Amino acid sequence: MKRIGGLKQQVAAGLTTPTIDGRTPTQQLTECHQLTRKTQREQQRIYHQQQDQLAASSIQIAKFEALNKSQQQQLRDHFQQNIFPMLTPLAMDPSHPFPFISNQTLNLLVTLRYPNGFDLHMARVKVPVSKEVSPRLIQVDEDYTYVTLDDLIANNLDMLFPGMNIESCDLFRVTRNANLELDQESASDLLETIETELRERHFAPIVRLEVSTGMNPTHRGMLAAELGLDEEQDVFEIDCMMALRDLFELATLNIPELRDVPHYPMDHPQLAHDRRSIFHIIRDHGSLLLQHPYESFNTTVERFLRTAAEDPKVLAIKMTLYRTSAEGNVLDSLIKAARNGKQVAVLVELKARFDEAANIRWARRLEQAGIHVTYGVLGVKNP
């Protein structure tokens with residue numbers, strides 16, 4: 001989304017100047033694709049290896065067709081009640097434009113024909129993965145057997161296309177370029193520029209197409225052509241579960257013997273049992289060296305800010321925030337300090353990659369509390 005996207009932009013712009021390592025953008029792009037494919041093969045090997053290890057602990061991602069009739073009927077009922085209403089097939093033919101494909105969403109390319117008909121028809125079905133409503137992994141019965149949402153949909157297409165003969169069904173996914181560097185030199189407002197970039201990212205050019213192994217070469221070529229991709233360079237066949245981040249759903253299973261021993265950070269020895277003001281402790285012992293994550297962030301840095309927010313002798317707090325998505329306690333202390341009449345100034349790095357939206361949200365919350373917020377310098381990303 002970043003490196004390949006940026007190189008593609010350079011190639012499209014006709015840049016041929018070698019970088020410091022002596023390679024042109026085209027050479028870099030070629031070598032990146034080679035390394036990416038090698039990494040993908042290793043990823044697929046590890047996936048199949050881990051499936052065997054999970055099966056040894058009675059955890060498996062099964063195929064819908066491998067389930068017994070009772071389990072299939074149970075899932076079919078679940079599909080009809082909870083999944084079917086969220087599906088919207090979109091036809092792909094000369095009278096219907098090729099549908100917009102969102103970044104990293106799962107899609108089914110379905111080919112079908114009318115009974116006794118000769119012409120093939122194609123449709124795209126978006127897989128509605130949602131943590132709250134329709135998770136990717138759907139549990140079968142009460143054991144640790146799961147089927148993927150896309151597999152469930154693919155095996156119940158007769159409800160979506162009643163009376164039609166399903167000829168094939170293939171999974172695919174696209175990756176869009178996230179390297180949208182707008183003209184920040186001429187921008188008058190960095191916040192407005194980043195917000196524009198976030199909106200544009202949704203419609204950014206596609207840099208990769210992933211398809212399930214065994215897809216009809218004609219269908220694969222059609223997708224590549226419609227998406228403006230080089231079939232040889234930009235199309236990747238996936239011989240395992242696509243969108244492997246969804247495997248994190250298995251990490252929520254309450255099976256303690258399969259988990260790593262949890263890490264609990266220790267308290268700093270100078271702070272562990274001393275309940276005085278942290279300023280008095282620093283005055284008596286001098287500077288404290290903190291080692292995160294081995295020592296607790298909450299009982300050190302957050303304690304420091306909580307004390308500063310309440311201490312009447314503290315007149316001002318000035319700090320830099322880079323990624324704010326996991327720093328709710330820090331922000332709460334800053335807001336409390338402002339409400340206690342202290343001068344609070346915060347530099348928020350809006351360009352923290354893929355955390356821009358969260359940083360904008362938190363920055364506005366700080367501003368609403370009366371905190372002076374700055375967003376860095378146009379054209380410069382703060383270290």
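The values are calculated or read from the model by the stated rules, or taken from the named source; none is laboratory data. As the structure is a computational prediction, the values presented were derived from the model and not from experiment. No Cβ is skipped: glycine too gets one built from the backbone with ideal geometry, and neighbour counts run over all protein chains shown.
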Q) How about segment 56-77: which of its residues are part of a helix (DSSP H, G or I), under 19 Å from GLU249 (Cα atoms) and touching a residue at least 40 places away in the same chain (Cβ under 8 Å)? A) PHE64, LEU75
**Q.** First in segment 11-40 and over 18 Å from MET1 (Cβ atoms), second anywhere and of a type outside the set (A, V, I, L, M, F, W, C) and part of a helix (DSSP H, G or I), Cβ under 7 Å, 6 or more apart
**A.** LEU15/PRO25
Q) Before we move on, is GLU167 of a type in the set (Asp, Glu), without any contact (Cβ under 8 Å) to a residue 60 or more places away in the chain and assigned to a loop (DSSP other than H, G, I, E, B)? A) no
Q. Could you say which residue among ILE83, ILE46, ILE4 is in contact with a Cys (Cβ under 7 Å, 6 or more places away or on another chain) and part of a helix (DSSP H, G or I)?
A. ILE4
Q: Identify, from the list THR148, THR88, the residue that is among the polar types (S, T, N, Q) and modelled with pLDDT of 95 or more.
A: THR148
**Q.** Positions within segment 356-377 being over 27 Å from the mean Cα position of the chain (by Cα) and at pLDDT below 80, in sequence order
**A.** VAL377
Q) If you go through segment 301-316 one residue at a time, do you hit one that is surrounded by fewer than 13 Cβ atoms within 10 Å (Cβ to Cβ) and among the aliphatic types (A, V, I, L, M)? A) yes
Q. Without any contact (Cβ under 8 Å) to a residue 40 or more places away in the chain and within 20 Å of LEU209 (Cα to Cα) - does that describe any residue in segment 82-90?
A. yes
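Residues are listed down the side, and each one gets a yes or a no for (1) within 27 Å of GLN44 (Cβ to Cβ); (2) out of contact with any Phe, Trp or Tyr (no Cβ under 9 Å at 6 or more places or on another chain):
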residue: PHE236; (1), (2): yes, yes
residue: LEU247; (1), (2): yes, no
residue: PHE279; (1), (2): no, no
residue: ASP284; (1), (2): no, yes
Q: Only one of these is in contact with a His (Cβ under 7 Å, 6 or more places away or on another chain) and either surrounded by fewer than 12 Cβ atoms within 10 Å (Cβ to Cβ) or among the acidic types (Asp, Glu) (or both): ASP52, ASP93, ASP77, ASP21. Name it.
A: ASP93
Q. Under 8 Å by Cβ, and 6 or more places apart or on different chains, what pairs join a residue from segment 127-139 that is in the same structural domain as ARG245 (by TED's automatic domain parsing) and in a loop (DSSP other than H, G, I, E, B) with one that is crowded, with 16+ Cβ neighbours inside 10 Å and among the basic types (Lys, Arg)?
A. VAL129/ARG136
Q. Residues of segment 24-43 being part of a helix (DSSP H, G or I) and over 15 Å from GLU232 (Cβ atoms), which ones?
A. PRO25, GLN27, GLN28, GLU31, LEU35, LYS38, THR39, GLN40, ARG41, GLU42, GLN43
Q) Hey, does segment 94-111 have a residue that's closer than 22 Å to ASN165 by Cβ, modelled with pLDDT under 95 and of a type in the set (A, V, I, L, M)? A) no
